[in-house]
Every structure is written in structure tokens, then in C-alpha cells.
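Peer 1: Input: one structure, supplied below.
The values are calculated or read from the model by the stated rules, or taken from the named source; none is laboratory data. Note that the coordinates shown come from a computational prediction; the quantities given were computed from them, not determined experimentally. Here the Cβ is made from the backbone with ideal geometry for all residues, glycine too, and neighbour counts use every protein chain on show.
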Amino acid sequence: GENVEQHPSTLSVQEGDSAVIKCTYSDSASNYFPWYKQELGKGPQLIIDIRSNVGEKKDQRIAVTLNKTAKHFSLHITETQPEDSAVYFCAVSPYNNNDMRFGAGTRLTVKP
Amino acid sequence: ETGVTQSPTHLIKTRGQQVTLRCSSQSGHNTVSWYQQALGQGPQFIFQYYREEENGRGNFPPRFSGLQFPNYSSELNVNALELDDSALYLCASSLQGTSYEQYFGPGTRLTVT
């Protein structure tokens, strides 16, 4: 089955700096790659996603890049703010979206 | 637009008991997926329901079962509870055939003693 690895497990940055989180996957049939933000006591919140026919997608301070050949994708957060502090999860899904696999998560801390 | 809701928020059960968790999907969504999230880990896919039938299942034993109702809401049932079943149970709704996005509810925290 699909194996998703996420790095780093923890990341601490200064407010205003950039943060990058990387994920690799094993199943070449996967074609949907979302990123979720989870705050304490809440369910995961979809923040950005990308499909296999796109190499990069940006939404304000957040961007995701995908390299299908190398089977890895990354989340980029620019101009980080203290409210960006949370656990971030990458996920991978096949075309029919019925078996989404998550990475182990990255705890991001943004220091003011 | 109504988001995904789950009930109850918290639940404490004893080993060997049975539990039912409930999920109401976001308005306009026809598919519900269930996940188990152990402390400090990513969510693990349990199963997905579409058109009231199971539409994919992760690596969970048969004592984990589910239902989907005509209004697209769903239940997760767990029989013969074990201590390792203690976790946050999340449901996510989506619109099958149109988009991939899954939107999560706040979860039900289950503690098995």
C-alpha cells in the first residue's frame, strides 16, 4: 500500500521567516495531494491541495510544489505569523479518493 | 453552508463494550470517510461510504463497521472495544465524482479503560 513520509517532525521559525515541509510517497498511481492544518482540539483543516497534472499552486502566503517523477511534494509558507503555529499533515490519495493516506505530521512553531 | 458535525464530543467506554459515533456531512456532500487518529500521529483511513455502501476500507478489523443514511449522514460502530481503540475519530465529507476535497469534522475523542 501507499507509504507517506513527512519531514521534519518539528520546525521552529522566527516570525516573518519561511517554512518548508516535505513529503514523499510510494504509489505512482496517487494523483491528489492535500495539506491540512490541525490546531489543538480541532479537526484537520484543508489549507491547499494540488493534483497530479499541476506542478505548483499558490494561495497568498501558502504554496505547494509537486514533483511526480521523484514522488515528492512540499508545502511552503512565507512571512510566517504566530497564528500559523499548528501541526501540518500532508496526504496522498488515489484518483477515486477512497483511501487517503496521511503523513505523521509536522509541528510548526512560529516565534514572535 | 453547514459544516461537518460529529457527536458526541467525548466518550469513555470500558474494554469489551460497543460504541456508535455519528457524523453529519457538509451540505451538498454525498460521501463520508472515517479516520482514526492516535495521539501524536496522522489520521488513519478506516473506510468510506458512498451511496449508502462501503466504498473502500483501510487496514481495520471487521469489528469496525459503518452505515450511511439517505441524508448522507453516517455512523461508525466499534464492537469489542480494546484499549488501543482510544483515539480521536474523525469523519470527513466530500462530493464524489466532482471534487477530491475532504472536509473534516471536529472529531470524537474516545477513551477506552
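Peer 1: Looking at region B:8-32, which of the residues that are among the small types (Gly, Ala, Ser) and at pLDDT 95 or above is nearest to A:Gly105 (Cα to Cα)?
Peer 2: Taking region B:8-32 and keeping what is among the small types (Gly, Ala, Ser), we get B:16, B:24-25, B:27-28.
Still in the running and at pLDDT 95 or above: B:16, B:24.
On the way: B:Gly16: 31, B:Ser24: 26 Å.
Among residues in region B:8-32 that are among the small types (Gly, Ala, Ser) and at pLDDT 95 or above, the one nearest to A:Gly105 (Cα to Cα) is B:Ser24.
Peer 1: Could you tell me which of the residues B:Gly42, B:Gly58 is modelled with pLDDT of 95 or more, in contact with a strand residue (DSSP E or B) (Cβ under 8 Å, 6 or more places away or on another chain) and surrounded by 15 or more Cβ atoms within 10 Å (Cβ to Cβ)?
Peer 2: B:Gly42
Peer 1: I need the full set of residues from region A:15-29 which are assigned to a loop (DSSP other than H, G, I, E, B), over 14 Å from A:His72 (Cβ atoms) and either at pLDDT 95 or above or in contact with an Asp or Glu (Cβ under 6 Å, 6 or more places away or on another chain) (or both), in order please. Spell out the reasoning first.
Peer 2: Quick first cut of region A:15-29, residues assigned to a loop (DSSP other than H, G, I, E, B) only: A:15-18, A:26-29.
Still in the running and over 14 Å from A:His72 (Cβ atoms): A:15-18, A:29.
Result: A:Glu15, A:Gly16, A:Asp17, A:Ser18.
Peer 1: Another question, if that's okay. Looking only at region B:54-73, decide whether some residue is touching a Leu at 6+ places or on another chain (Cβ under 6 Å), of a type in the set (Gly, Ala, Ser) and without any contact (Cβ under 8 Å) to a residue 60 or more places away in the chain.
Peer 2: yes
Peer 1: Report, by residue number, each residue of region B:95-113 that is under 12 Å from B:His29 (Cβ atoms) and either of a type in the set (S, T, N, Q) or more than 7 Å from chain A (Cβ to nearest Cβ) (or both).
Peer 2: Scanning region B:95-113 gives B:Leu95, B:Gln96, B:Gly97, B:Thr98, B:Ser99, B:Gln102.
Peer 1: Read through the list (1) within 17 Å of A:Lys37 (Cα to Cα); (2) out of contact with any Lys or Arg (no Cβ under 6 Å at 6 or more places or on another chain); (3) within 14 Å of chain B (Cβ to nearest Cβ), then give the number of the only condition that A:Ile62 fails.
Peer 2: (3)
Peer 1: Something else: Show the residue pairs that are 6+ apart or on different chains and have beta-carbon atoms under 8 Å apart, the first residue being within region B:1-12 and farther than 12 Å from B:His29 by Cβ, the second being hydroxyl-bearing (Ser, Thr, Tyr) and assigned to a loop (DSSP other than H, G, I, E, B).
Peer 2: As it stands, the answer is B:Ile12/B:Thr113, since those pairs meet every condition given.
Peer 1: Please enumerate the residues belonging to region B:61-72 that are of a type in the set (Ser, Thr, Tyr) and surrounded by fewer than 18 Cβ atoms within 10 Å (Cβ to Cβ). Spell out the reasoning first.
Peer 2: From region B:61-72, those of a type in the set (Ser, Thr, Tyr) are B:65, B:72; that's our starting set.
Matches in region B:61-72: B:Ser65 only.
Peer 1: Could you tell me which numbered condition A:Asn3 fails, if it satisfies all but one of (1) buried (at least 18 other Cβ atoms within 10 Å of the Cβ); (2) at pLDDT below 95; (3) within 14 Å of B:Gly42 (Cα to Cα)?
Peer 2: Answer for A:Asn3: the failing condition is (1).
Peer 1: If you check every pair at least six apart or on different chains, which have Cβ atoms under 6 Å apart with a residue in region A:1-18 that is within 12 Å of chain B (Cβ to nearest Cβ) first and a residue that is of a type in the set (Lys, Arg) and loosely packed, with under 13 Cβ neighbours inside 10 Å second?
Peer 2: Between residues of region A:1-18 that are within 12 Å of chain B (Cβ to nearest Cβ) and residues that are of a type in the set (Lys, Arg) and loosely packed, with under 13 Cβ neighbours inside 10 Å, there is no close pair.
Peer 1: Can you tell me which condition B:Leu95 does not meet? The list is (1) in contact with a His (Cβ under 8 Å, 6 or more places away or on another chain); (2) modelled with pLDDT of 95 or more, and all the others hold.
Peer 2: Only one criterion is unmet by B:Leu95, namely (2).
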